[in-house]
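In what follows, a single structure is set out as structure tokens and then discussed.
The values are calculated or read from the model by the stated rules, or taken from the named source; none is laboratory data. In this text, all values refer to a predicted model and were calculated from it rather than measured experimentally. Here the Cβ positions follow ideal geometry from the backbone for every residue, glycine too, while neighbour counts run over all protein chains shown. To get the accessible areas, we keep the full protein, side chains included, count just its heavy atoms, and leave off ligands, DNA and RNA. Shrake-Rupley method; radii C 1.70, N 1.55, O 1.52, S 1.80 Å.
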Amino acid sequence: MKTFVIGISGVTNGGKTTLAKNLQKHLPNCSVISQDDFFKPESEIETDTNGFLQYDVLEALNMEKMMSTISCWMESPRHSLVSTDSGSTEEIPILIIEGFLLFNYKPLDTLWNRSYFLTIPYEECKRRRRHKEHQLIESLSQHISTRVYKPPDVPGYFDGHVWPMYLKHKQEMENITWEIVYLDGTKSEKDLFSQVYEDLIQELAKQKCLQVTT
């Protein structure tokens, strides 16, 4: 069965999850897999010489389990995961995979029909990270469920691990041979959605044309 797989990667707090969820609401037969769901337990995370837990590396993720989840979807795309039920059965099943380290993992290279990478400047990224930390403190005191970092960032963690790893992985992507669409994560949620949605509609139309001619 023909499928359409979208990769949404990029910097931490760049808006990957929000964009993926917004697209899922509007694209027919669409499922989402989040890389964040495959982090190993803290006891299995290595620590560097500065005492920082190495969460922003591939080794912190159970990528084999993630690949197994993707394979299950590919085998039965209309019945795997929670997907939007809008659209007819003629629509191409769509899978969105979102996460901070997608395009640095070779086994995923052949999957992508469309790839997006969200970027935001250093200062904005750090500000958003701090904002999430404040949300964590408030949620713990008010017992409100929200996205948190487990464990929470320790002093110096962003500058000592998170940002350097982002720059390292982004530099590695310079050798990638397929097209990646870079997105400005400082744009509004609405503008980012519109840009990507319009692009995907065009790409999906091309796929349907190919199906007709083959």
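Points worth noting:
- Yes/no for I6 being hydrophobic (A, V, I, L, M, F, W, C), in contact (Cβ under 8 Å) with a residue 24 or more places away in the chain and not in a helix (DSSP H, G or I): yes
- The set of residues in region 91-103 that are at pLDDT 95 or above and of a type outside the set (A, V, I, L, M, F, W, C) comprises E98, G99.
- Among (1) surrounded by fewer than 16 Cβ atoms within 10 Å (Cβ to Cβ); (2) part of a helix (DSSP H, G or I), the one test that M66 misses: (1)
- Close pairs from region 111-128: first surrounded by fewer than 17 Cβ atoms within 10 Å (Cβ to Cβ), partner of a type in the set (G, A, S), Cβ under 7 Å, at least 6 apart: T119/G10; T119/G14; T119/G185
- Test result for D48, loosely packed, with under 15 Cβ neighbours inside 10 Å and modelled with pLDDT of 95 or more: no
- When residues in region 154-192 are screened for being open to solvent by 40 Å² or more (accessible area, probe 1.4 Å) and assigned to a loop (DSSP other than H, G, I, E, B), 9 of them pass.
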